[in-house]
Amino acid sequence: VQLVESGGGLVQAGGSLRLSCTASGRTLSRDYVGWFRQAPGKEREFVARIFINGADITYADSVKGRFTISGDTAKNTVYLQMNSLKPEDTGVYYCAAEGTIWGASRGLYDYWGQGTQVTVSS
């Protein structure tokens, strides 16, 4: 199983980026797929989660109204559209997959990607 993130980069505050998480060896439509981020010197934090087939979506308060998570079952890909970016959104963004809500709700994901860097300049 491999999760590959892409779409990170450098953007000015107020700008937008769309991250992608594509899986091989696993069908994301059967999983809870989460996005997490880790800023330098800080712990990894939850950003958003989706269960594509159940239309179950959860966001961290810090990104509500600015970020949108979605999935494309045909492409086996989950996206994170990030708008109105702020410097505090800077970090390495990871996607992760987990088969159960029990695990997903506790941050206990079985599979993780390698991460993609997002840098927001002020």
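The values are calculated or read from the model by the stated rules, or taken from the named source; none is laboratory data. Here the structure is a predicted model, which is why all the values come from computation and not from measurement. Backbone-built Cβ (ideal geometry, glycine too); neighbour counts: all protein chains shown. For accessibility, only protein heavy atoms count, side chains too; no ligands or nucleic acids. Shrake-Rupley method; radii C 1.70, N 1.55, O 1.52, S 1.80 Å.
Brief remarks on what is shown
- Interchain or long-range residues, amide H under 5 Å from Lys86's placed H: Gly14
- Each peptide among 5-18, 95-108 gets the average number of other Cβ atoms lying within 10 Å of its residues, and from highest to lowest they stand as 95-108, 5-18.
- Nearest-0.05 FRET efficiency for Ser16 and Lys42, computed from C-beta distance (R0 22 Å): 0.45
- Pair-distance profile P(r), taking every C-alpha pair of the chain, with 5 angstrom steps and integer %: 2, 13, 24, 26, 20, 10, 4, 1
- Using the 1.4 Å probe convention, the accessible area of the chain works out to 50 Å² per residue with neighbouring protein chains retained.
- The convex hull drawn around the Cα atoms of the range 68-110, when projected onto a plane and averaged over every direction, covers 4.1 nm².
- 13 Å Cα-Cα reach of Lys64 towards aspartates and glutamates, excluding residues that sit fewer than 8 places from it in its own chain: Asp89
- Applying 0.36 nm per residue to the separation of Ala60 and Asn83 and subtracting their alpha-carbon distance, the gain on full extension is 6.8 nm.
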